[in-house]
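Scroll down for the structure; my scribbles are underneath it.
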Amino acid sequence: MTITREHCEASDARDELAPLRQEFELPDGVIYLDGNSLGARPRRALAHAQDVVQREWGVDLIHSWNKADWWNLPLRLGNQMAPLVGAGADEIVVTDSTSINLYKVLANALRMQQQRQPHRKVIVAERDAFPTDLYMVQGLIASLGQGHTLQLLDDPQDLPGAVTEQTAIVLLSHVNYRTGYLYDMAACTALAHERGALAVWDLCHSIGAVPVDLNAANADFAIGCTYKYLNGGPGAPAMLWAHPRHRRDFWQPLSGWWGHARPFDMAVDYVPEHGIRSFLCGTQPIVSLGLVACGVEIFLKTDMQRVRAKSLALTDLFIDLVEQECTGMDLTLVTPREHAHRGSHVSLRHPEGYALVQALIARGVVGDYREPEVARFGVTPLYLRYVDIWDAVQHLKAVLQGREWAQARFHRRGDVT
Ligand SMILES: *Cc1c(COP(=O)(O)O)cnc(C)c1O
């Protein structure tokens, strides 16, 4: 059956998530397929930022640490987003960046292994991981100087063979940032545990994109961005989760006063808090942190099962339309077709991938480019419509038919996009 724009309009008319689009500020004439890199702005974020700056800061000044409960904001936000990732109460803090939070949880996990199974010196991660994850591992093991090594997987299928007696930690992105490959979190965690390793999950491309159940999967630690699918705002602080069964072993090297059991004692010695607060370091960026709530609130008006159903419908539509409209145009699907292994974006490879993305941006279709040759299109069900996918693929077809990428090609390198 040939898909038409009318089919897409009918899907929009039936879509129970459609009203949530109004919760976002979206520029006219733009089809935004980059919410996996920087989520769109919740409308309420503007008024909320104004309230924090004008009243909480401007009027209440120092009293806001208590009056507006700034002090507990990292935990309050963690509790608010807990249902999105299958976490319980007081199991998440929102603080610092994903990179920094990864450093903290890896240090915690390595220390646990050092105490119980000190022969385990290998961290298994993917070669194709978002590079900051690998860089943070490299920096941490260099600073520890205990002979740890990083072992890189070339393919998700290689995981079972790679986790051995020597493995301390398995570090995986739940959804790969480039390909969109989705791991089975419960199965991979079980595999790591059976072999004596700990499982650390990067949720940057899965929180707000696919259902996550950290407790059901029995994961050990997780970290993830709030500025992508969660729409928390540019550079908004990241989340950090640690399984409560490890509470007695909670430990992290960035032992600032915000993680101290009694910070206002101003004592000389660091005594960590017992709970998840021990993963805090210093004073939080309150304005940016506060905005995280505005995105999460919109997710709480629905649930991740509904978001997932629409996400799969939209990525299916994208893939089907590319096949229907753009055959013989040198596009290769990178993202898995299998729902069980697909996140919430569609990646297509094209020899002129970079220029292709530039030509689409010139037409108002905002996706992004990732080396090598990959054009990446993020699908955010809260604010995208079925017709947006139709229109985006029509633009893609026009760019390919008209070889519009040929002009964009010369602007490569040095161009900031
Ligand atoms: C976006 C992303 C990051 C970003 O980390 P920051 O510290 O926020 O810059 C880390 N890991 C993955 C998998 C990502 O997709």
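The values are calculated or read from the model by the stated rules, or taken from the named source; none is laboratory data. In this text the structure is predicted, and so the values were computed from the model without any measurement. Note that each Cβ is placed from the backbone with ideal geometry, even for glycine, and that neighbours are counted across all protein chains shown.
Structure values in brief
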| read-out | value |
| --- | --- |
| Qualifying residue in region 325-346 (condition: in a helix (DSSP H, G or I) and crowded, with 19+ Cβ neighbours inside 10 Å) | no |
| For Gly86: the one exception among (1) closer than 27 Å to Ile286 by Cβ; (2) in the same structural domain as Leu214 (by TED's automatic domain parsing) | (1) |
| Out of Thr132, Thr95, sole residue that is within 21 Å of Gly208 (Cβ to Cβ), in contact with a Pro (Cβ under 7 Å, 6 or more places away or on another chain) and of a type in the set (S, T, N, Q) | Thr95 |
| Of all residues in region 195-230 being in contact with a helix residue (DSSP H, G or I) (Cβ under 7 Å, 6 or more places away or on another chain) and free of Cβ contacts under 8 Å to residues at least 60 places away in the same chain, the one that is surrounded by the most Cβ atoms within 10 Å (Cβ to Cβ) | Ala219 |
| Unmet criterion (only one of (1) within 16 Å of the ligand (Cβ to nearest atom); (2) over 22 Å from Arg111 (Cβ atoms); (3) surrounded by fewer than 16 Cβ atoms within 10 Å (Cβ to Cβ); (4) not hydroxyl-bearing (Ser, Thr, Tyr)) for Gln138 | (2) |
| Extreme residue, surrounded by the fewest Cβ atoms within 10 Å (Cβ to Cβ), among residues of region 93-123 that are within 16 Å of the ligand (Cβ to nearest atom) and among the β-branched types (Val, Ile, Thr) | Ile100 |
| Test: residue in region 61-73 that is assigned to a loop (DSSP other than H, G, I, E, B), free of Cβ contacts under 8 Å to residues at least 12 places away in the same chain and in the same structural domain as Asn215 (by TED's automatic domain parsing) | yes |
| Pick from region 270-290, criterion hydrophobic (A, V, I, L, M, F, W, C) and not in a helix (DSSP H, G or I), ranking: farthest from the chain's Cα centre (by Cα) | Val271 |
